[in-house]
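The values are calculated or read from the model by the stated rules, or taken from the named source; none is laboratory data. Given the structure is predicted, the values throughout are model-derived calculations rather than measurements. So basically every Cβ, Gly included, is an ideal-geometry build from the backbone, and we count neighbours across all protein chains shown.
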Amino acid sequence: MIIRKLYKFENAHIVRKCTSRRCSRSIHGHSYKVELFFTAPSLDRGEMVYDFGLTKGMIKDFIDAFDHAITLWSSDDPEYLRDMKKWSERWVELPVNPSAEQFARTFFLIIDRVLQQTDMVNGESDVTIDSVIVHETDTGYAKADHSDAYNEEMGTTDLSKIIFSDQVKAEWKNPKMFEELLDGKRFVNPFVA
Ligand SMILES: Nc1nc2c(c(=O)[nH]1)N=C([C@H](O)[C@H](O)COP(=O)(O)OP(=O)(O)OP(=O)(O)O)CN2
């Protein structure tokens, strides 16, 4: 069975090297909508794939990192990267171009890692991320599943190359959560008897 949770964020970017001139040469923003699809072969004690409430912790904070922020590509011009970081305190630097496709792949990889490192305590079994849809506009979206997210031909999948600005991290419930995720720390879901 599959469940779906919707998130929204406002973000600015430039997607270098794409065909559309407005997209590749001018900073512009989108009201993104992100759909996360979770799957499990059986239900937990509450007879759910995964309680929606549990998707409002780390997972929500990771997606919210991009809200009111600018997303930068680490291969962009160093002067542009420097200026953006100088004048805007909420930014995220990715090792891939910030197209809808790469947002979808990046979110998949982060959520996959979060789920793998989470101890689930309410009888959940094998909860995984099935796919991620990133709506860049009302008319265009990209969808990534496991085979896309881990496809090296689509770009590096090294999460340690993602940089969240200090202000983004300061607004997380746990400012160290990304470091801890990369370090392989286990996270434990809250338990309600
Ligand atoms: N496959 C992709 N194509 C484009 C992407 C992308 O991420 N993946 N991104 C862009 C731009 O960011 C652009 O701002 C969005 O493009 P577009 O859909 O053309 O935007 P419009 O608002 O003009 O769309 P409408 O057709 O008016 O709804 C470009 N392409």
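Among the candidates 142, 104, 149, the residue that is surrounded by fewer than 20 Cβ atoms within 10 Å (Cβ to Cβ) and on the phi < 0 side of the Ramachandran plot is uniquely 142. Scanning region 82-130 for residues that are in contact with an Asp or Glu (Cβ under 7 Å, 6 or more places away or on another chain), more than 16 Å from the ligand (Cβ to nearest atom), of a type outside the set (D, E, K, R) and not in a strand (DSSP E or B) yields 95, 122, 123.
Selection of region 50-80 for residues being acidic (Asp, Glu) and either without any contact (Cβ under 8 Å) to a residue 60 or more places away in the chain or in a helix (DSSP H, G or I) (or both) yields 61, 64, 67, 77, 79. Residues in region 66-101 that are within 18 Å of residue 135 (Cβ to Cβ) and of a type in the set (Gly, Ala, Ser): 3 in all.
Candidates in region 8-45 are the residues that are more than 16 Å from the ligand (Cβ to nearest atom) and over 15 Å from the mean Cα position of the chain (by Cα); of these, the one that is nearest to residue 138 (Cα to Cα) is 39. The number of residues in region 64-89 being surrounded by 21 or more Cβ atoms within 10 Å (Cβ to Cβ) and either within 17 Å of residue 171 (Cα to Cα) or not aromatic (Phe, Trp, Tyr) (or both) comes to 6. Among the residues of region 1-50, just one is within 19 Å of residue 107 (Cα to Cα), surrounded by 15 or more Cβ atoms within 10 Å (Cβ to Cβ) and among the acidic types (Asp, Glu), namely 35. Number of residues in region 150-172 that are in a loop (DSSP other than H, G, I, E, B), farther than 20 Å from residue 5 by Cα and either within 16 Å of the ligand (Cβ to nearest atom) or touching a helix residue (DSSP H, G or I) at 6+ places or on another chain (Cβ under 9 Å) (or both): the value is 7. Applying a threshold of 7 Å to beta carbon distances and a minimum spacing of six or more residues, or different chains, the list of pairs starting in region 131-149 at a residue that is farther than 14 Å from residue 106 by Cα and more than 13 Å from the ligand (Cβ to nearest atom) and ending at one that is part of a loop (DSSP other than H, G, I, E, B) and modelled with pLDDT under 95 is empty.
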